[in-house]
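This report refers to the structure that appears directly beneath it.
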């Protein structure tokens, strides 16, 4: 059990994104995002395009003091309703908090029907949630949630960053515009000092993960 526990709250804000989408069948073939903030990108998984935001919360200060961060609660807050034109059929949103960066080739594993990557250890997923949205009605442009769930281990971390990944995957027809609201990630937890051998092993795991984790 860790000693000298101290309560912490970590906060990360992801900006909203406005995008013009074009579909063939139900798959997106072009996305032209108008960024309300930095960080959004378009990722092609080979059959469909996704809007993706990746960033991180810096924990280097805790690492320097040889502290472990223990996640206790996560709240993903959305600033307003997402809106879309009438030909949008559905939209699936994934929010991930991980101990390393999610690579481009792993993005497709967290879109559509949820599936876990065999390249990403479950212990590296601190928290995740997914939500499916559909339009309220053709005359009302907002999207409403229908199904969703959460996953993740809440595993303590000695890594120098917690990575945030937001993935937006939309299906529709023709050409359409969407506005996806800004999102706040609130992570409550505590820091504490673990026994030396436990901490060294946790630190070793943090630094033998994917070498691109801090890009």
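The values are calculated or read from the model by the stated rules, or taken from the named source; none is laboratory data. Remember, predicted model here, so these are calculated numbers, not experimental data. All Cβ positions, even for glycine, are placed from backbone atoms using ideal geometry, and neighbour counts span all protein chains on display.
Below is a table of values for the structure above.
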read-out	value
Of all residues making up segment 73-95, the number that are buried (at least 20 other Cβ atoms within 10 Å of the Cβ) and under 17 Å from the mean Cα position of the chain (by Cα)	8
Boolean, residue 138 is surrounded by fewer than 19 Cβ atoms within 10 Å (Cβ to Cβ) and either in contact with a strand residue (DSSP E or B) (Cβ under 8 Å, 6 or more places away or on another chain) or modelled with pLDDT under 90 (or both)	yes
Criterion violated by residue 198 - all others in (1) at pLDDT below 90; (2) in contact with a strand residue (DSSP E or B) (Cβ under 9 Å, 6 or more places away or on another chain); (3) surrounded by fewer than 16 Cβ atoms within 10 Å (Cβ to Cβ); (4) under 26 Å from residue 76 (Cα atoms) satisfied	(4)
Residues satisfying the stated conditions in segment 96-113, i.e. surrounded by 15 or more Cβ atoms within 10 Å (Cβ to Cβ) and either part of a loop (DSSP other than H, G, I, E, B) or modelled with pLDDT of 85 or more (or both)	96, 97, 98, 99, 100, 101, 102, 103, 111, 112
Hey, residue 187 touching a helix residue (DSSP H, G or I) at 6+ places or on another chain (Cβ under 7 Å) and not in a loop (DSSP other than H, G, I, E, B) or not	no
Test: residue 145 is modelled with pLDDT of 85 or more, surrounded by fewer than 20 Cβ atoms within 10 Å (Cβ to Cβ) and out of contact with any helix residue (DSSP H, G or I) (no Cβ under 6 Å at 6 or more places or on another chain)	yes
Subset of segment 62-92 [part of a strand (DSSP E or B) and either touching a helix residue (DSSP H, G or I) at 6+ places or on another chain (Cβ under 7 Å) or farther than 16 Å from residue 136 by Cβ (or both)]	68, 69, 70, 71, 72, 73, 74, 75, 76, 77, 92
Subset of segment 18-41 (residues that are modelled with pLDDT of 85 or more, closer than 16 Å to residue 172 by Cβ and either in a loop (DSSP other than H, G, I, E, B) or within 19 Å of the chain's Cα centre (by Cα) (or both))	18, 19
Residue in segment 153-171 that is under 23 Å from residue 23 (Cα atoms) and over 18 Å from the mean Cα position of the chain (by Cα) present	yes
Residue, surrounded by the most Cβ atoms within 10 Å (Cβ to Cβ), within segment 37-64, restricted to residues that are touching a residue at least 60 places away in the same chain (Cβ under 8 Å) and under 30 Å from residue 195 (Cβ atoms)	59
Enumeration of residues in segment 146-166 that are over 15 Å from residue 58 (Cα atoms) and not in a loop (DSSP other than H, G, I, E, B)	146, 147, 148, 149, 150, 151, 166
Pairs where the first residue, in segment 192-211, is in a helix (DSSP H, G or I) and the second is surrounded by 15 or more Cβ atoms within 10 Å (Cβ to Cβ) and modelled with pLDDT of 85 or more, C-beta under 6 Å, 6+ apart	202/158; 203/158; 206/158; 206/159
Residue match in segment 60-68 (condition: under 16 Å from the mean Cα position of the chain (by Cα) and within 23 Å of residue 13 (Cα to Cα))	no
